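**Q** Could you have a look at this structure, given as structure tokens, before my questions?
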Amino acid sequence: MATNILVIIGNGLAANRVLEQLGENHPFSAIHVLSDEPVAHYNRIMLSPLLAGETTLNAITPHDKEWYQSRRISVYLKQNVERIDTLTQQVICSGGDHFAYDALILATGSRSFVPDIPGADATNVVGFRSLRDVDTMFERLPDIQHATVIGAGLLGVEAATGLRSHGIQVTLLHRNPVLMNRQMDATASALLEKELLNRGIDVRTGCTPLKLCSSNAPKLHINTIQFEQTEYRIQQQLDTDLVVFATGIIANKELAESAGIHCGQGIQVDALMRTSHPHIYALGECCEFNGNTYGLVAPIWEQASILARQLHQQYQTDQQQRLSTADPLLSYQEREHLTKLKVSGVDIHSIGQFEADSSTEVLQLLDEHAGIYKKILLRDERIVGALCVGDVADSHWYYELMQQGDSVTALRPTLLFGQAYC
Ligand SMILES: Cc1cc2nc3c(=O)[nH]c(=O)nc-3n(C[C@H](O)[C@H](O)[C@H](O)COP(=O)(O)OP(=O)(O)OC[C@H]3O[C@@H](n4cnc5c(N)ncnc54)[C@H](O)[C@@H]3O)c2cc1C
């Protein structure tokens with residue numbers, strides 16, 4: 001086998017998925033994975049159940065040393081890649097180590113976005129992104145009585161319920177009047193809010209944080225958070241010991257940018273996950289395709305399988321033909337994905353469009369008492385979106401029907417009741 005070295009920067013879900021897809025018979029003599037985190041790869045999605053005390057780090061760490069060894073993979077922890085030298089084809093870490101590459105994958109993910117408000121840099125302010133964030137929350141838990149989670153998207157709701165499960169008081173602040181407003185409408189939001197209130201979480205919607213005020217000594221603790229009730233422009237404040245920001249993410253593109261690789265919101269890639277530089281690829285939350293960036297794993301799984309096939313073909317033998325972006329089986333395409341809230345006892349699945357417009361028809365079923373809400377949006381008798389709260393048994397089936405794009409006219413009378421009735 002020719003000496004072909006693959007270097008991967010980042011050891012998150014995207015990197016791990018590419019390694020899994022490359023398999024044992026990959027075309028590289030060695031693969032070096034460089035991670036700035038101090039621990040082996042873990043399933044980031046499962047940080048929510050970890051925070052809630054429903055799983056362990058061991059259970060969310062999928063591979064052991066033998067798995068890596070059998071694939072000629074070396075993982076280097078606490079290696080922050082500082083620079084990419086595209087001329088000499090090597091990456092340089094902040095500690096001075098150099099790694100030469102024949103092929104390079106950028107899988108640097110993203111980081112928490114923390115709004116620029118006074119006090120946001122205090123000690124007891126964290127994002128919800130990494131194991132270190134969860135460890136920080138666990139370290140603080142014995143000393144705190146109240147936590148505030150800012151942002152009630154998927155992550156914020158999971159952070160709030162996770163913290164609440166440890167018995168502390170939790171306030172969930174959200175700027176939009178609708179919770180998880182990227183996945184849900186106002187009816188679903190009201191059901192979720194009721195459930196969160198039942199669990200003892202203080203939910204405040206339509207509120208924008210203005211300022212965090214800390215005491216000085218001995219440690220910096222947040223004492224108060226000031227926020228504005230946006231609709232009425234009323235300023236309020238509450239005492240809190242810990243603030244968790246779940247207010248979005250920013251792609252880690254700076255490393256690529258400083259190497260002259262084309263970037264927009266993320267590292268720009270084509271449908272074969274190639275960047276503007278030869279032999280350099282990107283995928284996952286650090287990348288941008290057709291103006292889109294990513295915050296969920298489903299598209300990343302597709303990117304990983306496309307990239308793995310691409311690497312197999314590019315680096316296997318000299319005779320292999322270059323792949324064509326015109327091949328629909330091998331090039332990345334955007335599609336809708338099913339989003340799930342991971343809070344035990346609260347089932348919410350959302351796919352595609354959830355607010356009606358002039359071109360859509362709505363089928364819906366609501367049982368407020370039972371906490372069940374189903375909404376299906378149709379355009380030209382085809383499903384373009386579905387929202388299931390409380391009963392998610394058929395969400396995957398709705399998703400398949402939507403992907404197939406067939407007319408559901410024949411199923412329509414019983415569609416809301418699910419596959420068993422159709
Ligand atoms: C708590 C939580 C719950 C989630 N739940 C869901 C869910 O239910 N469903 C869903 O679809 N998605 C969920 N997500 C989102 C999902 O985890 C991400 O989409 C996914 O992890 C992105 O994978 P990635 O490999 O692109 O980035 P990451 O997983 O962030 O990995 C990037 C890695 O690169 C490292 N890195 C960055 N720069 C450097 C450098 N210069 N040198 C070395 N290493 C570097 C980072 O430290 C990180 O380890 C959740 C995310 C979080 C935080």
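The values are calculated or read from the model by the stated rules, or taken from the named source; none is laboratory data. Every value quoted in this text rests on a predicted model; they were computed, and no experiment measured them. Reconstructed Cβ throughout: ideal geometry from the backbone, glycine too, with neighbour counts over all protein chains shown. Quick note on the areas: whole protein, heavy atoms, side chains included, nothing else; ligands and nucleic acids left out. Shrake-Rupley method; radii C 1.70, N 1.55, O 1.52, S 1.80 Å.
**Q** Being in contact (Cβ under 8 Å) with a residue 24 or more places away in the chain and within 28 Å of L163 (Cα to Cα) narrows it down to one residue among L34, L50; which is it?
**A** Unique residue meeting the criteria: L50.
**Q** Suppose the filter is open to solvent by 40 Å² or more (accessible area, probe 1.4 Å) and hydrophobic (A, V, I, L, M, F, W, C); does I250 pass it?
**A** Answer is yes for this residue.
**Q** While we're on this one: Tell me, yes or no, whether region 142-155 has at least one residue that is open to solvent by 30 Å² or more (accessible area, probe 1.4 Å), assigned to a strand (DSSP E or B) and without any contact (Cβ under 8 Å) to a residue 40 or more places away in the chain.
**A** no
**Q** Where in region 34-122 are there strands (runs of 3 or more DSSP E), lying wholly inside it, with at least 2 residues that are charged (D, E, K, R) and either within 14 Å of the ligand (Cβ to nearest atom) or loosely packed, with under 13 Cβ neighbours inside 10 Å (or both)?
**A** Answer list for region 34-122: 81-85.
**Q** Consider I225 against the criteria (1) farther than 20 Å from N16 by Cα; (2) outside the structural domain of L163 (by TED's automatic domain parsing); (3) away from the ligand (no atom under 12 Å from the Cβ): it satisfies all of them except one. Which criterion is unmet?
**A** The number of the failed condition is (2).
**Q** As an exercise: evaluate N292 against (1) within 14 Å of the ligand (Cβ to nearest atom); (2) in the same structural domain as L163 (by TED's automatic domain parsing) and give the number of the one condition it does not meet.
**A** It fails just one condition, (2).
**Q** Would you check which residues across region 253-273 are in contact (Cβ under 8 Å) with a residue 12 or more places away in the chain and either open to solvent by less than 10 Å² (accessible area, probe 1.4 Å) or not in a loop (DSSP other than H, G, I, E, B) (or both) and list them?
**A** Residues satisfying the conditions are L255, A256, S258, I261, C263, G266, I267, Q268, L272, M273.
**Q** Now a separate question. Considering only strands (runs of 3 or more DSSP E) fully contained in region 330-379, which possess at least 2 residues that are open to solvent by 70 Å² or more (accessible area, probe 1.4 Å), touching a Lys or Arg at 6+ places or on another chain (Cβ under 8 Å) and modelled with pLDDT of 95 or more?
**A** Answer list for region 330-379: 361-367.
**Q** Right, next: Does region 399-408 contain at least one residue that is assigned by TED's automatic domain parsing to the domain that holds L365, in a helix (DSSP H, G or I), over 24 Å from H369 (Cα atoms) and aromatic (F, W, Y)?
**A** yes
**Q** For region 248-283, which residues satisfy the criterion of being closer than 29 Å to A159 by Cα and either away from the ligand (no atom under 14 Å from the Cβ) or of a type outside the set (A, V, I, L, M) (or both)?
**A** Matches in region 248-283: G248, N252, K253, E254, Q265, G266.
**Q** Any chance region 183-193 includes a residue that's in a loop (DSSP other than H, G, I, E, B) and either open to solvent by 30 Å² or more (accessible area, probe 1.4 Å) or closer than 25 Å to R44 by Cβ (or both)?
**A** Yes: one or more hits.
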